[in-house]
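Working notes, structure below.
The values are calculated or read from the model by the stated rules, or taken from the named source; none is laboratory data. Bear in mind that the values here come from a model prediction, so they are computed numbers and not experimental data. Heads up, the Cβs are rebuilt from the backbone with ideal geometry, glycines too, and the neighbour counts pull from every protein chain shown. The protein model used for the area step is the full one, side chains on, heavy atoms only, and it has no ligands, DNA or RNA in it. Shrake-Rupley method; radii C 1.70, N 1.55, O 1.52, S 1.80 Å.
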Amino acid sequence: MMKGMTLLSLGFMLALAGCFAKIQQLPAHTDRATPVFAPLPDQDLLVGLALSGGGSRAATFAAGAIEALAEIRVKDGGRERSVIEKITHISSVSGGSLATGYYAVKKPGKSEAVLAEQGLTPAYRQFFAAFKDDMQKNFQLRAIRRLLLKFRVANPTKFAHSFADVWDADFFSGITLNGLYERERHGDAPRIIFNGTIYNTGRRLALTTLPPSDFAYDFTGELRAKLVAKGLQFTPEGRASYDRSLQRAKDQFLPQTFEDLGIDHRRLPISLAVVTSASFPPVVGPVTYQSAGAERYTHVGDGGLFDNLGTESLTTLFLNKLNPEHPAARKGLIIVVDASFPFDEGSAELTGKEKGFEVFTDDPSRIVGIMEERANAYQAMLWHSLRAEGALLPDYDHLKLIILRHTEAEWTQDDPIPSSCPRNLTVDEIKRTMRQIPTLFKIEDPCHGALLIAAARKVVDKQRQRIIAFIEGR
């Protein structure tokens, strides 16, 4: 009955979606030679966080992971600093974008110390307590209430704007990308990249204050030079075909920004940037943008359709910065905070069903998940192959990737059970619970939130020495 009502409601929403559009208009940006936001200086050590998608599961896990990272002390110029003081960039998707926006806007400023003699300072303890709590709120219910309160027609676009209203009222207080840039400029926040997917073209959109030139990593010429150096010879026809193929790959994989679309995005609310990254049609979004005076509409939704880890924007950015032409940056570390839903979790249940179409009602994102699994496999294969060939990618001493997955926390029967969980949970039950936490913008069970935060601490502790060694240059 409930499934029938859900499908009926979804059908009603889709029927109305085409009748009541909501367009986010922004001013035009016509001077391509001048970036909307002035570039900020680079540091010699780039440290990036990539926060995955996964609704409130990802947001809660990210809050716990950032807190655990904050407690790690590294030596820097004769004094101790927190790892989070070394973070230069955060790239995020979907639920990770909610955590990213919250952290960038609400964390204490640069003048506030992170570390006390023992642990975190009171200001940061208070911040992280609120951060972990706020990521577990029932945003879905609040967004539905907002939809009704504003007498909005129930369509996916209006639902996206209702989420933005909720997050703006709860956390962002009307702050725009211009306000975020001011925090970045003063060192109160890292440089932020919210990732979306442009449905018009299938390309990635980086919603960011970074200039387009930061992502302009031209790997085509470098790759061709490496192949020629290894003895590969091109015929004129082969060279032309090779160049066309590489250009298509470059056009598809390098991200676009609002400036590339001719849009001045200074007045874009952080709340709408977050919901753009998190919109997953046909239930929520996409968000439609238009440059004032233009007839073109750009429809943008879940960044996870392109890259659910948020790593590709950071990788492109870091490779560009680590290029010998950018001598300011010498090393880069990317810490991936991965709370994406394990694709194989539903396989056993699906194997036991004779009605295959039920996968669309029980797990409609599984089709996208199949493509994501293949994309991740190709990405890993390409990464390792290029590194083995010494092409494009710096060695491990200059660019390192460390992955923190919520499902890879190691549990023992001696671990304290969170008070919100059943007291007799076994290790196998904890692991099973961690794999089955749904992708929603709410934490349905307080035990789920507590386990995610405990898991975050475990996986950070497991990688602690690798993180310290890289940042300290050991």
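Key figures
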| item | result |
| --- | --- |
| The range 10-146, dipole about Cα centre (Lys/Arg Cβ +1, Asp/Glu Cβ -1), debye to the nearest 20 | 540 debye |
| The chain, relative contact order [Cα under 8 Å, separation at least 6], % | 26 percent |
| Residue among Val114, Gly221, Gly285 farthest towards the positive dipole end of the chain, charges placed on Cβ | Gly285 |
| Among Gly196, Ile270, Leu399 the positive-end extreme of the charge dipole of the chain (Cβ point charges) | Ile270 |
| Within the accessible area of the chain (1.4 Å probe), percent carbon and sulfur | 54 percent |
| Neighbour net charge for Ala63 - beta-carbon separation under 10 angstrom, K R +1, D E -1 | -2 |
| Greater than 21 Å apart at Cα, pairs in Lys132/Lys158; Lys107/Lys321; Lys110/Lys321; Lys107/Lys431; Lys107/Lys132; Lys321/Lys458 | Lys132/Lys158; Lys107/Lys321; Lys110/Lys321; Lys107/Lys431; Lys321/Lys458 |
| Scattering profile of the range 178-240 at q = 0.12 Å⁻¹ [log10 I(q)/I(0), Debye over alpha-carbon scatterers] | -0.57 |
| Nonlocal amide H pairs with Thr197, under 5 Å, H built at 1.01 Å | Leu205, Gly301, Asp302, Gly303 |
| Centroid-to-centroid separation of the range 112-140 and the range 241-256 [C-alpha atoms, Å] | 43 Å |
| Set of lysines near Lys137 by C-alpha distance (under 18 Å), chain-local residues within fewer than 8 positions excluded | Lys106, Lys442 |
| Per residue accessible area of the chain, 1.4 Å probe, in Å² | 47 Å² |
| Student exercise, the chain dipole from Lys, Arg, Asp, Glu Cβ charges, in Debye to nearest 20 | 440 debye |
| Whole-Å distance, taken between Cα centres, linking the range 420-471 and the range 31-110 | 20 Å |
| Extreme residue, positive dipole direction of the range 24-178, given options Leu98, Ser162, Ala129 (C-beta unit charges) | Ser162 |
| Whole-percent pair-distance distribution, where bins are 10 Å wide, for the alpha carbons of the chain | 4, 19, 30, 27, 15, 5, 0, 0 |
